[in-house]
Structure formats: structure tokens, C-alpha cells
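Below you'll find the structure, written out as C-alpha cells, and then a few comments.
Values in this text are rule-based calculations from the coordinates and carry no lab data. Small disclaimer: the values here were computed from a predicted structure and weren't measured. Cβ: placed from backbone, ideal geometry, glycine included. Neighbour counts: every protein chain shown.
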């Protein structure tokens, strides 16, 4: 997992990122917190990974 973080840091510069706000239902947020803690990563990083995978899967379907 550490290699993935190093690659992400290497390829993602400040200008490659944008900030947004997302409002989750409490139960979804709690599940994300638990998941992120289990993977020892910030929630924002976990959400980026989940959304990126969903976009990748969707593009494969089209």
C-alpha cells in the first residue's frame, strides 16, 4: 500500500486536484470512517479511491 501512496503523491500535483464538499448520511459517514481506519488512510483518500474505481468501471461498460 505504501508504494501506491508514493505513486499517488508523485503523479498528483496541487494543480491536479480540486476541492469539493460532499454531504453523507450519518450511517454512510460512519461506515466510511470505519473503513478508512481499517486501511489506515484519510477518508478523503478512501473516497477518491472509491469514486475513481466507480468511474473506471462505468467507462468500461460504455
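Ranked for footprinting exposure by Cβ neighbours inside 10 Å, fewest first, 23, 29 give 23, 29. Can you give the log10 of the normalised intensity I(q)/I(0) at q = 0.17, 0.18 Å⁻¹, computed with Debye over equal Cα scatterers of the stretch 19-62? The Cα Debye sum returns log10 ratios of -0.55, -0.60.
Multiplying the residue separation of residue 32 and residue 54 by 0.36 nm and removing their Cα-Cα distance gives an extension gain of 6.3 nm.
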